[in-house]
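Asks: Please find one structure pasted underneath; my questions will follow.
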Amino acid sequence: MPALQSQLPDGTSRRLAAAFALAALVIIAACSKDKSIDQPAKLTPLANPSLRVQRVWGASVGDKKAVVLRLGLGVSVADGRVYAAGHGGDLVALDLGSGRVLWRVRTRAPLSGGTAVGHGLVLIGSSDGQLFAFDAANGESRWKVRLNGEVLAPAAISERLIAQRTVDGKLHALSPADGHELWSQDQSVPRLSLRGTSHPVIVGDVVLCGFDNGKVLAVNANDGSVQWEATVTPPHGRTELERLDDIDAAVTVSGQDVYAVGFQGRVAMMALDTGQIWWSHESSSYRGLTLDDDVVYVSSADGEVVALKRRTGEEIWRQNALLHRGLSAIAVMDDAVVTADFQGYVHFLDKTDGALIARVRDGKVRISNAPVVVGNTVVVINDRGQIDVYRVTPQASAARGSKHTPPAKADASPKADVPAKADAPAESH
């Protein structure tokens, strides 16, 4: 179950917000007392994995004794560097090939959303509403601004503006030069929503972003005017829990097509110029979708990985061997797709039919943020700030298993692929 957050009046303490979210979870449990709890699927041993996954190096930007939080602290990779941040305030640039620290800065802020890199800047946001900009080359501070809203997702960066979402329903456009606000747009936020926000996308003169009310907005980058809005996930049901319809994942754009997916709703393809919905497919996801050639890959809220045809939304295959394992969003390689789960496993699936073809374990801590793929290299960061980089190559000879791997009593990941020191046990799921 994804984490929840409540929207309360300004000035109300964070403790009350946390209590409200906890009460919501109690309600869920009470409403479901007569139903069996969905247990995470047990992993099937992979007798003949067709990919070899080797750990190249590891690093950490977190505190192993700190509480594990589900934050939007994903990694960014650009120009042979890995940029990552920890909730304790550290932001680092690491060499992709070796893991060597190129620079490190200490913000002393409770970092919670990022990283974003582009046009010579690295951006990171905090729980107390600050946005920091650093020089990507050397880590020197460029500027910082206060947005008055928690940041839980990376910004989008273009030459002319920076677009940043905050949890209060606002989309901010800032100057890359000094961070001053150019314009802002906001959408109503339901009293109860998932804990997370969509990160914006900049395409030409348009800024696209999803919101907690199930809508996608296209905003003119020049003046902040709304060009169109489309309801991807209409709310339905009688209770606030049933009506959750957040779009927490980034929309994805290819040419003149926009793709988005919402929680308890659907995945849809829209026209970039008008927002008209060309097709939709029933789905529920708070992690998101990924495009590759003619395929849309969706990591569902239930833990299924689904492949759809981009032009029609027709289902190609569905892998359900990872049900209720709290999957991250999907990353795409040449012949495989990659996702990670709540126990720190990284799973590789065949692109043609969804068969599980390799697995490696990244400690024992949940991986909420999507893996990042660069060629045959996969970079992952878990929710405690542990970074691991893997090199993926085909096995010399491997017999493919069944298309849909059934649950099994135990996992059989190769010992060589397990980090020497495991982190603390993952949070309950």
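Quick note: the coordinates plus some simple rules give every number you see, no bench work behind them. Since we're looking at a predicted model, the values are computed, not measured. Glycine gets a Cβ as well: all are built from the backbone with ideal geometry, and neighbour counts include every protein chain shown.
Asks: Take the residues in the stretch 89-120 that are assigned to a loop (DSSP other than H, G, I, E, B) and hydroxyl-bearing (Ser, Thr, Tyr), then tell me which one is farthest from SER175 (Cα to Cα).
Replies: SER98
Asks: So, in the stretch 311-330, exactly how many residues are within 23 Å of ASN376 (Cβ to Cβ) and in contact with a Ser or Thr (Cβ under 7 Å, 6 or more places away or on another chain)?
Replies: Number satisfying all stated conditions: 4.
Asks: Please verify whether GLY99 is at positive phi and without any contact (Cβ under 8 Å) to a residue 60 or more places away in the chain, treating the condition exactly as stated. Explain how you work it out, then say what you get.
Replies: On the way: at positive phi: yes; without any contact (Cβ under 8 Å) to a residue 60 or more places away in the chain: no.
So GLY99 does not fit the description; no.
Asks: Among the residues of the stretch 141-151, write down those that are within 23 Å of the chain's Cα centre (by Cα) and surrounded by fewer than 19 Cβ atoms within 10 Å (Cβ to Cβ).
Replies: Of everything in the stretch 141-151, just one residue is within 23 Å of the chain's Cα centre (by Cα) and surrounded by fewer than 19 Cβ atoms within 10 Å (Cβ to Cβ), namely ASN148.
Asks: Quick one: is ALA250 part of a loop (DSSP other than H, G, I, E, B) and closer than 27 Å to TRP183 by Cβ?
Replies: Answer is yes for this residue.
Asks: Okay, moving on. Do we have any residue at all in the stretch 152-167 that's basic (Lys, Arg), buried (at least 19 other Cβ atoms within 10 Å of the Cβ) and touching a residue at least 60 places away in the same chain (Cβ under 8 Å)? Before the answer, list the steps.
Replies: Of all residues in the stretch 152-167, those basic (Lys, Arg) come to 160, 165.
Filter once more, so that each one left must be buried (at least 19 other Cβ atoms within 10 Å of the Cβ): 165.
With touching a residue at least 60 places away in the same chain (Cβ under 8 Å) added as a condition, the list becomes none.
Within the stretch 152-167 (the criterion being basic (Lys, Arg), buried (at least 19 other Cβ atoms within 10 Å of the Cβ) and touching a residue at least 60 places away in the same chain (Cβ under 8 Å)), the answer is no, since none of the residues qualifies.
Asks: Could you please find all residues in the stretch 287-300 being outside any strand (DSSP E or B) and either hydroxyl-bearing (Ser, Thr, Tyr) or surrounded by 22 or more Cβ atoms within 10 Å (Cβ to Cβ) (or both)?
Replies: So the first thing to find is which residues in the stretch 287-300 are outside any strand (DSSP E or B), and the list is 287, 293-294, 300.
Selection gives ARG287, SER300.
Asks: So, one more: Looking only at the stretch 165-206, filter to residues that are in a strand (DSSP E or B) and among the charged types (D, E, K, R); which one of those is farthest from the chain's Cα centre (by Cα)?
Replies: So, considering only residues that are in a strand (DSSP E or B) and among the charged types (D, E, K, R), the one farthest from the chain's Cα centre (by Cα) is GLU181.
Asks: Hey, any hits in the stretch 303-320 for a residue that's closer than 16 Å to VAL338 by Cα, among the polar types (S, T, N, Q) and outside any loop (DSSP other than H, G, I, E, B)?
Replies: Within the stretch 303-320, one or more residues are closer than 16 Å to VAL338 by Cα, among the polar types (S, T, N, Q) and outside any loop (DSSP other than H, G, I, E, B).
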